[in-house]
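Engineer: Quick one: the structure is below, questions incoming.
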Amino acid sequence: PELGVTNLRNRLNEEIDIRAAINPPLTLEFFDYRVGADSLSGRIRLEALQPLSGAFLRVAIVEKNIDYQNPPGSNGQTHFIDVLRAFWPEPRGTSLTMNAGEKRFVPFAVPLNSAWISGQLEVVAFVQVGSHEILQAASTQYP
């Protein structure tokens, strides 16, 4: 196979086009998202478009930009983007089995850590199966 950046870009674009043509097995969206003084909370709405089993809903709390006056590590880096701060309720996620057409709301609430900058936080939810394939994802950060 041909090597190089152009080939990699072409191969990635082809794979994206192939995946975009496949209907997802479910939809995900956020409702009532808010960052309060001591926690962030909201609800995730899931709708199964086909039967779903062996999946996990994972919810990640991400801080978009972190700047340190002094590098926290040994490589001199002081600016970090999209830093994973926590998983809710835990890294393994929540086991998910749904029938086609089933709709569900999953409420979440995460205590804020005093080191986090609340204006920089976003939540990313994704449904993943044992093969590590991500079936669907959503974020509180909208373009």
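Engineer: Looking at (1) exposed (fewer than 13 other Cβ atoms within 10 Å of the Cβ); (2) farther than 18 Å from VAL127 by Cβ, which is the only condition ASN99 fails?
Structural biologist: (2)
Engineer: What about TYR142, is it at pLDDT below 95, within 16 Å of ARG45 (Cβ to Cβ) and loosely packed, with under 14 Cβ neighbours inside 10 Å? I'd like the intermediate steps shown before the answer.
Structural biologist: On the way: at pLDDT below 95: yes; within 16 Å of ARG45 (Cβ to Cβ): yes; loosely packed, with under 14 Cβ neighbours inside 10 Å: yes.
Yes, satisfied.
Engineer: What pairs come up if the first residue lies in the range 20-39 and is part of a strand (DSSP E or B), the second is of a type in the set (Phe, Trp, Tyr), and their beta carbons are under 8 Å apart, counting only those six or more places apart or on different chains?
Structural biologist: LEU28/PHE126; PHE31/PHE105
Engineer: Just checking, how many residues over the range 24-38 are surrounded by fewer than 12 Cβ atoms within 10 Å (Cβ to Cβ) and over 16 Å from PHE126 (Cα atoms)?
Structural biologist: 5
Engineer: If you don't mind, another one. Report the residue count in the range 51-78 for those that are surrounded by 14 or more Cβ atoms within 10 Å (Cβ to Cβ) and either closer than 21 Å to PHE126 by Cα or at pLDDT 95 or above (or both).
Structural biologist: 11
This table checks each residue for (1) under 20 Å from LEU135 (Cα atoms); (2) not small (Gly, Ala, Ser).
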position: ASN7; (1), (2): no, yes
position: GLU15; (1), (2): yes, yes
position: ALA20; (1), (2): yes, no
position: LEU28; (1), (2): yes, yes
position: PRO51; (1), (2): yes, yes
position: LEU57; (1), (2): yes, yes
position: THR78; (1), (2): no, yes
position: ALA86; (1), (2): no, no
position: THR94; (1), (2): yes, yes
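Engineer: Since HIS79 meets every condition but one in (1) more than 18 Å from PHE30 (Cβ to Cβ); (2) out of contact with any Asp or Glu (no Cβ under 8 Å at 6 or more places or on another chain), which condition does it not meet?
Structural biologist: (2)
Every residue, every condition in (1) part of a strand (DSSP E or B); (2) over 20 Å from GLY42 (Cβ atoms); (3) modelled with pLDDT under 95, yes or no:
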residue	(1), (2), (3)
PHE80	yes, yes, no
ALA86	yes, no, no
THR97	yes, yes, no
GLY101	no, yes, no
VAL106	yes, no, no
VAL110	yes, no, no
GLY119	no, no, yes
VAL127	yes, no, no
HIS132	no, yes, yes
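Engineer: Follow-up. Report, by residue number, each residue of the range 17-61 that is within 20 Å of GLN141 (Cβ to Cβ) and of a type in the set (A, V, I, L, M, F, W, C).
Structural biologist: LEU28, PHE30, PHE31, VAL35, LEU40, ILE44, LEU46, LEU57, VAL59, ALA60, ILE61
The values are calculated or read from the model by the stated rules, or taken from the named source; none is laboratory data. Everything numeric here is computed off the predicted structure, so don't read it as measured data. Ideal geometry is used to build each Cβ from the backbone, glycine not excepted, and the neighbour counts take in all protein chains shown.
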